[in-house]
Amino acid sequence: MKKIFTLLSVIVCLMASQTSFGQIAQSENFNGCALPAGWVETIVSGDSSWWFVDNSPDPFNVGNIDGTCMVMFDDDWMGSAALPSHVELISPAVDLTTFSNILLEFDYNFQQFGALNDRCEVDVWDGVAWVNVFSQNANDCGVWTCGPPFPHAEIDVSAYINAAFQVRFSYIDDGEWGWWFAMD
């Protein structure tokens with residue numbers, strides 16, 4: 001008998017079952033255009049946090065991932081005088097110990113700036129520490145005219161199943177004026 005949790009929809013999706021992938025364990029689509037209940041946003045450094053918007057605020061590069069609200073951090077829109085930025089968005093904890101397979105899925109758009117090491121990262125909580133499972137520091141689409149579809153990540157995180165599983169999304173501008181990372 002398969003057990004199903006409701007955990008992360010279109011943007012962040014954990015697929016889980018006791019025998020194989022296929023059931024949604026948790027989903028979040030950010031269509032409320034606001035920080036979802038139970039999620040935590042943290043400004044590690046900088047002036048601004050995540051934006052829950054229906055379009056990129058850049059008038060020269062307007063767009064979104066699926067026609068609905070998304071979550072993004074736009075370092076470019078903040079301007080060259082903004083402090084270096086590192087922001088995190090962390091999901092609620094969920095007990096996944098009854099499952100044997102977990103697949104993390106999300107759609108995204110990342111724009112990297114020049115020779116900087118600005119990047120987006122995704123980590124999961126393994127019960128003891130954060131483990132990096134995704135890092136992007138080169139354009140993977142980048143402009144809003146390259147999709148849809150936009151890049152889609154599918155990451156097997158079964159090795160990290162625990163009673164307090166969480167996902168952390170980060171944008172880090174490497175101390176310079178960078179571009180953006182958006183999910184939906």
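Does Phe169 satisfy being closer than 17 Å to Val53 by Cβ, aromatic (Phe, Trp, Tyr), part of a strand (DSSP E or B) and touching a strand residue (DSSP E or B) at 6+ places or on another chain (Cβ under 8 Å)?
Working: closer than 17 Å to Val53 by Cβ: yes; aromatic (Phe, Trp, Tyr): yes; part of a strand (DSSP E or B): yes; touching a strand residue (DSSP E or B) at 6+ places or on another chain (Cβ under 8 Å): yes.
When the stated conditions are applied, Phe169 passes them.
From the residues in the stretch 80-101 that are outside any loop (DSSP other than H, G, I, E, B) and closer than 25 Å to Asp173 by Cα, which one is most open to solvent (accessible area, probe 1.4 Å)?
Let us first name the residues in the stretch 80-101 that are outside any loop (DSSP other than H, G, I, E, B), namely 86-90, 94, 101.
Now restrict to residues that are closer than 25 Å to Asp173 by Cα: 86-90.
Values: His86: 42, Val87: 0, Glu88: 26, Leu89: 0, Ile90: 27 Å².
Ranking the candidates gives His86 first.
Could you check the stretch 151-184 and list, in sequence order, the residues that are under 18 Å from the mean Cα position of the chain (by Cα), farther than 22 Å from Val87 by Cα and buried (at least 16 other Cβ atoms within 10 Å of the Cβ)?
Correct list: Val157, Tyr160.
Filter the stretch 30-56 down to the residues that are open to solvent by less than 40 Å² (accessible area, probe 1.4 Å) and assigned to a loop (DSSP other than H, G, I, E, B), then identify the one that is modelled with the lowest pLDDT. Break it down into steps so the answer makes sense when it comes.
Just the residues of the stretch 30-56 that are open to solvent by less than 40 Å² (accessible area, probe 1.4 Å), to begin with: 30, 36, 39, 46, 48-50, 52-53, 56.
Among the residues that remain, those that are also assigned to a loop (DSSP other than H, G, I, E, B) are: 30, 36, 39, 46, 48-50, 56.
Working: Phe30: 94, Pro36: 96, Trp39: 97, Gly46: 91, Ser48: 90, Ser49: 93, Trp50: 95, Ser56: 78.
Applying the filter and picking the extreme gives Ser56.
The values are calculated or read from the model by the stated rules, or taken from the named source; none is laboratory data. Source: prediction; values computed, not measured. So basically every Cβ, Gly included, is an ideal-geometry build from the backbone, and we count neighbours across all protein chains shown. Remember, those area values only see protein heavy atoms, side chains included, never the ligands or the DNA or RNA. Shrake-Rupley method; radii C 1.70, N 1.55, O 1.52, S 1.80 Å.
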